[in-house]
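J.: Can you read through this structure? Questions will come right after.
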Amino acid sequence: MKKTLFALLLTFTSTYLYAQDASRIRLGLTAHPNFGFLKIENGKGNGLSTGFSYGLMSDFEFAENYCFATGLTITTINGSGTILNYQPFHAPSATNADYDVKYKMQYLQIPLSIKLKTDEKDDMKFYGQFGLTTDFRIGARYDVEKGNTPLADDVKATDYTKFLRAGMIIGGGVEYRMSGKTSLLGGLTYNNGLTNIAKKPHTVKNHYVGINIGVFF
């Protein structure tokens, strides 16, 4: 896993260096909470669960007020729900039963999006953002209960979840220029999970709303 992370970081950095002659590049750091929830085919979601995201962010400014926005973050997406006849805990011969499941997923996330900005006024620019994320699972754990009986408590769940996740992002916010090239960023992003995170026979998609906080240098 360390070799994989290093290779991705090296690719990420090389891409920036290669593009420096062609466009203006901004690098920054981000760390912010998110609020995850589940949509379940044979069941229902049970409210919001808090997660966290941190890492690098970047804007490739290919024209005035138009950017290609990407980054490299570690993103935790938590979510809980009730699933009918949840495997592997439900016996095929048993009567139908509901299971309360909480997924605690951690991903290496790479967003690919377009960011549109307003002209600067009073050191501030507003922006809108739309695009996709590609997520690689680096951790998966879950809690499972049937009724009030715990069946699994923070147990590794890589055998029951998928390695890849795709999401669609839409959001907006504001940048405040502090001095020179240094700017603070704040906003909201909705990440809509497009792919099933659970293995058959279940269909579970996780989504989140992120409160974006970061600084560009």
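J.: Just checking, which of Leu108, Leu72 is touching a residue at least 60 places away in the same chain (Cβ under 8 Å), out of contact with any Gly (no Cβ under 7 Å at 6 or more places or on another chain) and surrounded by 16 or more Cβ atoms within 10 Å (Cβ to Cβ)? Spell out the reasoning first.
T.: Working: Leu72 fails: out of contact with any Gly (no Cβ under 7 Å at 6 or more places or on another chain).
Among Leu108, Leu72, only Leu108 is touching a residue at least 60 places away in the same chain (Cβ under 8 Å), out of contact with any Gly (no Cβ under 7 Å at 6 or more places or on another chain) and surrounded by 16 or more Cβ atoms within 10 Å (Cβ to Cβ).
J.: Please verify whether Phe89 is of a type in the set (Phe, Trp, Tyr) and over 25 Å from the mean Cα position of the chain (by Cα), treating the condition exactly as stated.
T.: On the way: of a type in the set (Phe, Trp, Tyr): yes; over 25 Å from the mean Cα position of the chain (by Cα): yes.
In short, yes.
J.: Continuing with this model, one more query. In region 111-168, which residues are small (Gly, Ala, Ser) and surrounded by 12 or more Cβ atoms within 10 Å (Cβ to Cβ)?
T.: Those that are small (Gly, Ala, Ser) and surrounded by 12 or more Cβ atoms within 10 Å (Cβ to Cβ): Ser113, Gly128, Gly131, Gly139, Ala140, Ala152, Ala157, Ala166, Gly167.
J.: Another one. Working only within region 150-161, note down all residues that are of a type outside the set (A, V, I, L, M, F, W, C) and either farther than 13 Å from Gly139 by Cβ or assigned to a helix (DSSP H, G or I) (or both).
T.: Here is the first cut: in region 150-161, the ones of a type outside the set (A, V, I, L, M, F, W, C) are 150, 153-154, 156, 158-161.
Across region 150-161, the qualifying residues are Pro150, Asp153, Thr158, Asp159, Tyr160.
J.: Let me ask something additional. Quick check: anything in region 77-86 over 16 Å from His202 (Cβ atoms) and crowded, with 18+ Cβ neighbours inside 10 Å?
T.: Residues of region 77-86 that are over 16 Å from His202 (Cβ atoms), as a first pass: 77-78.
Then drop every residue that is not crowded, with 18+ Cβ neighbours inside 10 Å, which leaves 77-78.
Scanning region 77-86 turns up at least one residue that is over 16 Å from His202 (Cβ atoms) and crowded, with 18+ Cβ neighbours inside 10 Å.
J.: If only one of Thr76, Thr50, Thr70 is of a type outside the set (A, V, I, L, M, F, W, C) and more than 17 Å from Pro33 (Cβ to Cβ), which one is it?
T.: Working: Thr76 fails: more than 17 Å from Pro33 (Cβ to Cβ); Thr50 fails: more than 17 Å from Pro33 (Cβ to Cβ).
Result: Thr70 is the single residue among Thr76, Thr50, Thr70 that is of a type outside the set (A, V, I, L, M, F, W, C) and more than 17 Å from Pro33 (Cβ to Cβ).
J.: Only one residue in Gly139, Gly51 is assigned to a strand (DSSP E or B) and either within 20 Å of Ile40 (Cα to Cα) or in contact with a Pro (Cβ under 9 Å, 6 or more places away or on another chain) (or both). Which one? Spell out how you get there, then give the answer.
T.: Numbers: Gly139 fails: either within 20 Å of Ile40 (Cα to Cα) or in contact with a Pro (Cβ under 9 Å, 6 or more places away or on another chain) (or both).
When all the criteria are applied, what remains is Gly51.
J.: I need every pair where a residue in region 182-199 that is among the charged types (D, E, K, R) has its Cβ under 8 Å from the Cβ of a residue that is in a strand (DSSP E or B), sequence separation at least 6 or different chains.
T.: Lys199/Thr161
J.: Take region 178-198 and flag every residue that is modelled with pLDDT of 95 or more and either among the basic types (Lys, Arg) or not in a strand (DSSP E or B) (or both).
T.: Within region 178-198, Leu194, Thr195, Asn196, Ile197 qualify.
J.: Here are some conditions: (1) surrounded by 12 or more Cβ atoms within 10 Å (Cβ to Cβ); (2) closer than 25 Å to Asn65 by Cα. Gly180 meets all but one. Which one does it not meet?
T.: Unmet for Gly180, out of (1) surrounded by 12 or more Cβ atoms within 10 Å (Cβ to Cβ); (2) closer than 25 Å to Asn65 by Cα: (1).
J.: Give me a count of the residues in region 188-217 that are basic (Lys, Arg) and buried (at least 19 other Cβ atoms within 10 Å of the Cβ). Give the steps one after another, and end with the answer.
T.: As a first pass, look at region 188-217 and keep what is basic (Lys, Arg): 199-200, 205.
Filter once more, so that each one left must be buried (at least 19 other Cβ atoms within 10 Å of the Cβ): 205.
Total satisfying the criteria: 1.
J.: Of these, Ala22, Ala7, Ala63, which one is within 19 Å of Gly131 (Cα to Cα), surrounded by fewer than 13 Cβ atoms within 10 Å (Cβ to Cβ), at pLDDT below 95 and among the aliphatic types (A, V, I, L, M)? Full working, then the answer.
T.: On the way: Ala22 fails: within 19 Å of Gly131 (Cα to Cα); Ala7 fails: within 19 Å of Gly131 (Cα to Cα).
The conditions single out Ala63.
J.: Here's another thing I want to ask about it. Just one of Ile169, Ile110, Ile114 is assigned to a strand (DSSP E or B), β-branched (Val, Ile, Thr), farther than 17 Å from Asn78 by Cβ and over 14 Å from the mean Cα position of the chain (by Cα); which is it?
T.: On the way: Ile169 fails: over 14 Å from the mean Cα position of the chain (by Cα); Ile110 fails: over 14 Å from the mean Cα position of the chain (by Cα).
Checking each option against the conditions leaves just Ile114.
J.: Is it true that Ala166 is touching a helix residue (DSSP H, G or I) at 6+ places or on another chain (Cβ under 6 Å) and under 21 Å from Gly193 (Cβ atoms)?
T.: On the way: touching a helix residue (DSSP H, G or I) at 6+ places or on another chain (Cβ under 6 Å): no; under 21 Å from Gly193 (Cβ atoms): yes.
Judged against the criteria, Ala166 is not a match.
The values are calculated or read from the model by the stated rules, or taken from the named source; none is laboratory data. Keep in mind the model is a prediction, meaning the values are calculated, not measured. Backbone-built Cβ (ideal geometry, glycine too); neighbour counts: all protein chains shown.
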